[in-house]
Amino acid sequence: MKIHVVDLTGKEHELEAEPGWRVMEIIRDWGVPIKAECGGACQCATCHVYVDEDWLERLPAMREEERDRLGDAPSEEENSRLSCQLIFQPEMDGLRLTLAPETDPEA
């Protein structure tokens with residue numbers, strides 16, 4: 001199973017994914033630069049991603065906590081999600097995401 005992630009330079013990464021892992025952890029563990037300061041506690045927005053339009057309706061609904069935290073993201077869009085709140089499941093095989101600007105570990 002795989003996810004596809006476009007990093008901040010525009011490069012696409014095809015990453016092996018295991019069910020039960022947070023999408024943020026998959027991205028980080030494969031070495032794609034992502035800030036993810038709070039480590040998945042939904043306390044920042046530094047794992048913010050843009051979900052490919054074809055996937056928006058296929059993901060689990062956003063919880064209120066995630067919605068509130070995304071309100072802190074300076075570049076929030078209609079297709080924004082926090083990758084720490086997306087738990088990878090087999091039906092997410094092929095998921096496509098783009099990292100948002102606030103994920104830059106150098107910023």
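Every number in this text was worked out from the coordinates using simple rules, so none of it is lab data. Fair warning: this is a prediction, and the values are worked out from it, not measured in the lab. In this analysis, Cβ positions are derived from the backbone assuming ideal geometry, glycine residues included, and neighbour counts consider all displayed protein chains.
Using label points projected 7 Å from each Cα along Cα→Cβ, tell me how many nm separate A107 and E78, to one decimal.
2.2 nm
Using the 10 angstrom Cβ neighbour count as an exposure proxy, how do H13, H48 rank, fewest first? Walk me through the numbers before you get to the answer.
Numbers: H13 16, H48 28.
Lowest count first: H13, H48.
Is it possible to state the helix-based mean residue ellipticity at 222 nm for the chain, with each DSSP H run of 4+ residues giving -39500 (n - 2.57), the sum divided by total residues, to the nearest 500 deg cm²/dmol? What is it? Each step should come with its number before you reach the end.
Working: 2 runs with 14 residues, N = 107.
So the helix-based figure for the chain works out to -3500 deg cm²/dmol.
Once you put a point 7 Å from the Cα of C42 and another 7 Å from the Cα of E65, both along the Cβ direction, what distance in nm separates them?
0.4 nm
Per-residue HN-Hα couplings for segment 21-28, Karplus 6.51 cos²θ - 1.76 cosθ + 1.60 at θ = phi - 60°, whole Hz, x for Gly and Pro?
Per residue, the Karplus-derived 3J(HN,Hα) values read 8, 5, 4, 4, 5, 4, 4, 4 Hz.
In percent, how large is the relative contact order of the chain, given Cα pairs closer than 8 Å and 6 or more residues apart?
On the way: 208 pairs, mean separation 44.3, N = 107.
Taking the mean separation of contacting Cα pairs over the length of the chain, I get 41 percent.
Skipping prolines and chain starts, which residues have an amide H placed within reach, meaning under 5 Å, of the one on H13, given they are 5 or more residues away or on another chain?
Correct list: V5, V6, D7.
How far is it, in nm, from the label point at M1 to the one at E57 when both lie 7 Å from their Cα along the line to the Cβ?
2.2 nm
Add +1 for every Lys or Arg and -1 for every Asp or Glu among the other residues with Cβ under 13 Å from the Cβ of R28, and state the total. Please report the intermediate quantities before stating the final value.
On the way: positive: R22, K35; negative: D7, E25, D29, E37.
Its environment carries a net charge of -2.
How large is ³J(HN,Hα), in whole Hz, for each residue of segment 30-42 in order, when computed from phi with the Karplus curve 6.51 cos²θ - 1.76 cosθ + 1.60 and θ = phi - 60°, using x for Gly and Pro?
Values, residue by residue: 8, x, 6, x, 8, 5, 6, 4, 8, x, x, 8, 6 Hz.
Percent antiparallel among DSSP beta bridges with both residues in the chain, to the nearest 5? Don't jump to the answer; show the numbers that get you there.
Values: 12 of 16 bridges.
Around 75 percent of the beta bridges assigned by DSSP in the chain are antiparallel ones.
Sequence-distant or interchain residues sharing an amide H contact under 5 Å with R96, placed H: which?
Amide H to amide H, under 5 Å and 5 or more residues apart or across chains, R96 pairs with H4, D52.
Taking the Cβ of E53 as the centre, find all other residues whose Cβ is under 14 Å away and add up their charges (Lys, Arg: +1; Asp, Glu: -1). Before the final figure, lay out each step's value.
On the way: positive: R58, R81, R96; negative: D52, D54, E57, E77, E78.
Here the count lands on -2.
Would you kindly state the longest site-free stretch of the chain, with sites defined as trypsin sites (Lys or Arg not before Pro) in a DSSP loop (not H, G, I, E, B) surrounded by at most 15 other Cβ atoms within 10 Å? Each step should come with its number before you reach the end.
On the way: sites that count: K11, R63.
Segment 12-62 is the longest.
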